[in-house]
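First the structure, in the form of structure tokens, and then the observations on it.
The values are calculated or read from the model by the stated rules, or taken from the named source; none is laboratory data. All of these numbers come straight from a predicted model, not from anything done at the bench. Glycine also receives a Cβ, built like all others from the backbone with ideal geometry; neighbour counts cover every protein chain displayed.
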Amino acid sequence: MARTGLQIRNVNHSYEDKQVLHDVSFDAADGKVVALLGPSGCGKSTILRPIAGLITPDQGRIELQGRDLARAQVRHRKLGMVFRNFALFSHMTAAENVAYGLAHLSRPERRQRVARLL
């Protein structure tokens, strides 16, 4: 049996007066790929935002390997998300765009990682 890496329990979130997430719960086992499917506006991106730490849910728990992520800083989550319509920072080079997400590394490590990735 695969160990559960990510647990989402009864997550609720509203934007102003519109509830977008209502008691969302699911598990994502370590090493498995999970797909969120549904029509536009159903909450796929909205559930990813609190997982990544971009928003705080109104209610519910988000745990990664048993650790509550509610108070974890974004940089310590080791999670991220890629939007379907991604955007690059137009004022930055390709290397600077890649390096942007690697701020937790030292400058030499960042340069080395960017060179390897590109």
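Table for the structure above
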{"item": "Among the candidates Ser25, Ser40, Ser45, residue that is over 17 Å from Gln7 (Cβ atoms), in contact (Cβ under 8 Å) with a residue 12 or more places away in the chain and small (Gly, Ala, Ser)", "result": "Ser45"}
{"item": "Entirely in the stretch 1-74, the strands (runs of 3 or more DSSP E) that have 2 or more residues that are among the polar types (S, T, N, Q), surrounded by fewer than 16 Cβ atoms within 10 Å (Cβ to Cβ) and at pLDDT 90 or above", "result": "4-15, 18-29"}
{"item": "Single condition Ala99 does not satisfy, out of (1) farther than 18 Å from Ser14 by Cβ; (2) exposed (fewer than 12 other Cβ atoms within 10 Å of the Cβ); (3) not basic (Lys, Arg)", "result": "(2)"}
